[in-house]
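Contents: one structure, followed by commentary.
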Amino acid sequence: MKFDVVVVGGGLGGLVSAYILSKNGLGVLVLEKNRQLGGCLQTFTRGGVKFDTGIHYIGSLEPGQLMHQFFTYLNLLDDVPLSRLDSNAYDIVMLNGKTYSLASGYDGFVQSLAGGFPGQAADLRRYVQKIQQIANASPLYNLSKLGGTTFLQSEALSYSADELVASVTANGTLQSVLLDNAPLYAGVRGITPAYTHAIIANSYMQSAFRVVNGSDVIAQSLRSSIQRHGGMVRTNAQVNEFVCAADGRVEAVLLSSGERIEGQRFISNIHPYETLVRLKNSHIRNAYRERIAQLPSTISCMVLYLRFKPNAVPYLNSNLFCYFDNIDPLQPYSPEHFGHSFMFMHQCSEINQRYALGASLIAYMDYAEVQQWAGTAVGHRGAGYAEFMEQRAQVLLQRLEEVIPGITAQIEGYDISSPLTYQNYTATRRGAMYGVLRDKRSPLQSFISPRTKIPNLFFTGQNIQAHGVLGVIVGAIHTCSEIIGLSSIIERIGR
Ligand SMILES: Cc1cc2nc3c(=O)[nH]c(=O)nc-3n(C[C@H](O)[C@H](O)[C@H](O)COP(=O)(O)OP(=O)(O)OC[C@H]3O[C@@H](n4cnc5c(N)ncnc54)[C@H](O)[C@@H]3O)c2cc1C
């Protein structure tokens, strides 16, 4: 059997690509290496609490907003229960002992911060306008313009997030508050493009939602739709090799079991470097391979998955972004900064929840800090690793207690993940949180075309253009447009 399209990797990018192509009549097969589908959409359950691992909240999901259009098109709205984050404080920033709430909606956002920065209301309005301008001028928000290299034309790719914020306000504290969401894109001062910051800030500012009881429901819904369209999804199917014919085109993939699967076209949802490593006998030039091999990655993270005692911790319908010791939100991470910032999100288990069952505390961590245990299996990394991670966990718990006094007494137990865990479960390079690091100094180098040097091989996923639910869905549309054209996709979105 020869499939029209074989998709390697069943993360959000692979699943959305397979959804689009199968909806348009192509015979599609998704191959996912893990037992559980979804990549960063995977969840796990400990002590009766279900935890998200890579999707904690999603923006612009109100009717009329962009993500709502995408979710409608992807048939996700009926299957994916959503819970709105507090409109008056979807994010709470705790910066060196002071607290700032960010409210939803452009006006709400300005008003919520103008209270803490009374002299800066005009700066805040300028910021919100700039964010909207960049987002609205972006092909992400003008689907009809998407295609080719138009995503590279935004001027905001060539100046940094901090330059953007400095251009609207001279107030240093306000600059830090506006950059509070840097962990959502692993932002780095002088490097992360203003574009990356603006697209994400704009989406969450419009509206912000949690998925109720686990983001894995997104993967399950997409799988069901793909199957309904006649496509196939296989798990425990690790691709070890892309096999090329004499003309250089990919003709098949080989699974770790030795099984050979043939296709007309192939989409890779895994890191382009990992794809090229598996591409045998191709005509790809070394210069391209080297460019891809040298793409820098975003920083990785450690996550504490906390389980609370029953009815002990009131559900917090806001995300906390905590900064200590005057750390700059865009400070490039190094181990001496461990615990100087973190994100904290309660797990949403049901709508109108009174008490939280669990929460995730996410802090930057460098792969190099745990590299000595690379190659060990999850749960069997040895005493040295366990001791190191436990010591790091205690640092974070102490910080958490500083911002929410008494909370640690309500913790029943916790699990810890490290960059190695992400590497194991998603095969991301060095456990990078968001794949390739975007760099305003070389935007053309750090944004990758979905088209490859091989005419029937395409890339998709967070590494090509942008990460997150928004970036990956737009990337998948772009990838599929290379196969079936843009109009057949765009015309059906929003209807
Ligand atoms: C801690 C954390 C928190 C996050 N929070 C949010 C959030 O709140 N909101 C948001 O929008 N985004 C968030 N993100 C980002 C978002 O999760 C990702 O950008 C997105 O899910 C990536 O999707 P993807 O398809 O590109 O890659 P992945 O999810 O990594 O999928 C790649 C898939 O390919 C599979 N694979 C790899 N190698 C092979 C192989 N050889 N053969 C077969 N299959 C293979 C992997 O197992 C995986 O399933 C977060 C990320 C992290 C790490």
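Return the residue satisfying two criteria in turn: it lies in the range 299-322 and is assigned to a strand (DSSP E or B) and polar (S, T, N, Q), and of such residues it is farthest from residue 187 (Cα to Cα). Can you show your working first?
Within the range 299-322, the subset assigned to a strand (DSSP E or B) is 300-308, 314, 319-322.
Retained after the next criterion (residues that are polar (S, T, N, Q)): 300, 319.
Details: 300: 12, 319: 18 Å.
Residue satisfying both the conditions and the ranking: 319.
Scan the range 408-429 and tell me whether some residue there is of a type in the set (A, V, I, L, M), in contact (Cβ under 8 Å) with a residue 24 or more places away in the chain and either outside the structural domain of residue 306 (by TED's automatic domain parsing) or assigned to a loop (DSSP other than H, G, I, E, B) (or both).
There is at least one residue in the range 408-429 that is of a type in the set (A, V, I, L, M), in contact (Cβ under 8 Å) with a residue 24 or more places away in the chain and either outside the structural domain of residue 306 (by TED's automatic domain parsing) or assigned to a loop (DSSP other than H, G, I, E, B) (or both).
Which residue is farthest from residue 433 (Cα to Cα), if the candidates are limited to the range 35-74 and must be buried (at least 20 other Cβ atoms within 10 Å of the Cβ) and polar (S, T, N, Q)?
So, considering only residues that are buried (at least 20 other Cβ atoms within 10 Å of the Cβ) and polar (S, T, N, Q), the one farthest from residue 433 (Cα to Cα) is 60.
Note down all Cβ pairs under 6 Å where the first residue falls in the range 231-242 and is closer than 13 Å to residue 6 by Cβ, the second is of a type in the set (A, V, I, L, M, F, W, C) and not in a strand (DSSP E or B), and they're at least six residues apart or on different chains.
Cβ pairs passing all conditions: 231/18; 233/226.
Among the residues that make up the range 317-334, is at least one of them touching a residue at least 40 places away in the same chain (Cβ under 8 Å) and of a type in the set (Val, Ile, Thr)?
No; the residues of the range 317-334 include none that is touching a residue at least 40 places away in the same chain (Cβ under 8 Å) and of a type in the set (Val, Ile, Thr).
For the range 457-495, enumerate the residues that are outside any loop (DSSP other than H, G, I, E, B) and either free of Cβ contacts under 8 Å to residues at least 40 places away in the same chain or basic (Lys, Arg) (or both). Walk me through it before giving the result.
Looking only at the range 457-495, we keep the residues that are outside any loop (DSSP other than H, G, I, E, B), and these are 457-459, 468-484, 487-490.
482, 487 - these are the residues of the range 457-495 that are outside any loop (DSSP other than H, G, I, E, B) and either free of Cβ contacts under 8 Å to residues at least 40 places away in the same chain or basic (Lys, Arg) (or both).
For the range 463-495, enumerate the residues that are surrounded by fewer than 18 Cβ atoms within 10 Å (Cβ to Cβ) and among the acidic types (Asp, Glu).
Within the range 463-495, just 491 meets the criteria.
With the condition being more than 16 Å from the ligand (Cβ to nearest atom), in contact with a Lys or Arg (Cβ under 8 Å, 6 or more places away or on another chain) and not basic (Lys, Arg), I'd like the strands (runs of 3 or more DSSP E) fully within the range 41-127 carrying at least 2 qualifying residues.
By residue number, no strands (runs of 3 or more DSSP E) qualify.
Return the residues of the range 261-298 that are of a type in the set (A, V, I, L, M, F, W, C), part of a loop (DSSP other than H, G, I, E, B) and away from the ligand (no atom under 16 Å from the Cβ); say none if nothing qualifies.
284 - this is the single residue of the range 261-298 that is of a type in the set (A, V, I, L, M, F, W, C), part of a loop (DSSP other than H, G, I, E, B) and away from the ligand (no atom under 16 Å from the Cβ).
Output the number of the condition that residue 450 fails; it satisfies all remaining conditions of (1) away from the ligand (no atom under 16 Å from the Cβ); (2) of a type outside the set (A, V, I, L, M, F, W, C); (3) more than 22 Å from residue 36 (Cα to Cα).
If we test residue 450 against (1) away from the ligand (no atom under 16 Å from the Cβ); (2) of a type outside the set (A, V, I, L, M, F, W, C); (3) more than 22 Å from residue 36 (Cα to Cα), just (1) comes out false.
Take the residues in the range 1-22 that are away from the ligand (no atom under 13 Å from the Cβ) and assigned to a helix (DSSP H, G or I); name whichever of them is nearest to residue 233 (Cα to Cα).
Checking each candidate, the answer is 22.
From the residues in the range 23-34 that are more than 10 Å from the ligand (Cβ to nearest atom) and surrounded by fewer than 20 Cβ atoms within 10 Å (Cβ to Cβ), which one is nearest to residue 84 (Cα to Cα)? Outline the logic, then answer.
The first filter runs over the range 23-34 and keeps only residues more than 10 Å from the ligand (Cβ to nearest atom), leaving 23-29.
Those still in the list that are surrounded by fewer than 20 Cβ atoms within 10 Å (Cβ to Cβ) too: 24-25, 27.
Working: 24: 32, 25: 35, 27: 37 Å.
Among residues in the range 23-34 that are more than 10 Å from the ligand (Cβ to nearest atom) and surrounded by fewer than 20 Cβ atoms within 10 Å (Cβ to Cβ), the one nearest to residue 84 (Cα to Cα) is 24.
Can you tell me how many residues in the range 3-21 are hydroxyl-bearing (Ser, Thr, Tyr) and surrounded by fewer than 24 Cβ atoms within 10 Å (Cβ to Cβ)? So that I can check it myself, show each step before the final result.
Initial filter on the range 3-21 (hydroxyl-bearing (Ser, Thr, Tyr)): 17, 19.
Narrowing the set further to residues that are surrounded by fewer than 24 Cβ atoms within 10 Å (Cβ to Cβ) leaves none.
Final tally of qualifying residues: 0.
Would you point out which residue out of 441, 451 is surrounded by fewer than 24 Cβ atoms within 10 Å (Cβ to Cβ) and touching an Asp or Glu at 6+ places or on another chain (Cβ under 9 Å)?
Going through 441, 451 in turn, just one is surrounded by fewer than 24 Cβ atoms within 10 Å (Cβ to Cβ) and touching an Asp or Glu at 6+ places or on another chain (Cβ under 9 Å): 451.
When residues of the range 329-364 are filtered for being over 18 Å from residue 389 (Cβ atoms), assigned to a loop (DSSP other than H, G, I, E, B) and within 16 Å of the ligand (Cβ to nearest atom), how many remain?
Counting residues in the range 329-364 that are over 18 Å from residue 389 (Cβ atoms), assigned to a loop (DSSP other than H, G, I, E, B) and within 16 Å of the ligand (Cβ to nearest atom) gives 2.
Sort through 249, 228 and tell me the only one that's closer than 19 Å to residue 268 by Cβ, surrounded by fewer than 17 Cβ atoms within 10 Å (Cβ to Cβ), of a type outside the set (Gly, Ala, Ser) and more than 11 Å from the ligand (Cβ to nearest atom).
Just one listed residue meets the conditions, 249.
Given the options 246, 219, name the one that is of a type in the set (A, V, I, L, M, F, W, C) and either part of a loop (DSSP other than H, G, I, E, B) or in contact with a Ser or Thr (Cβ under 8 Å, 6 or more places away or on another chain) (or both).
Result: 246 is the single residue among 246, 219 that is of a type in the set (A, V, I, L, M, F, W, C) and either part of a loop (DSSP other than H, G, I, E, B) or in contact with a Ser or Thr (Cβ under 8 Å, 6 or more places away or on another chain) (or both).
Pairs, please: C-beta under 7 Å, at least 6 apart or cross-chain, first residue on the phi > 0 side of the Ramachandran plot and in the range 87-104, second in a strand (DSSP E or B)?
Listed pairs, sorted by first residue: 96/323.
Could you list, in sequence order, the residues of the range 370-380 that are at negative phi and either touching a Pro at 6+ places or on another chain (Cβ under 6 Å) or assigned to a loop (DSSP other than H, G, I, E, B) (or both)?
Residues satisfying the conditions are 370, 374, 376, 378.
The values are calculated or read from the model by the stated rules, or taken from the named source; none is laboratory data. Source: prediction; values computed, not measured. Heads up, the Cβs are rebuilt from the backbone with ideal geometry, glycines too, and the neighbour counts pull from every protein chain shown.
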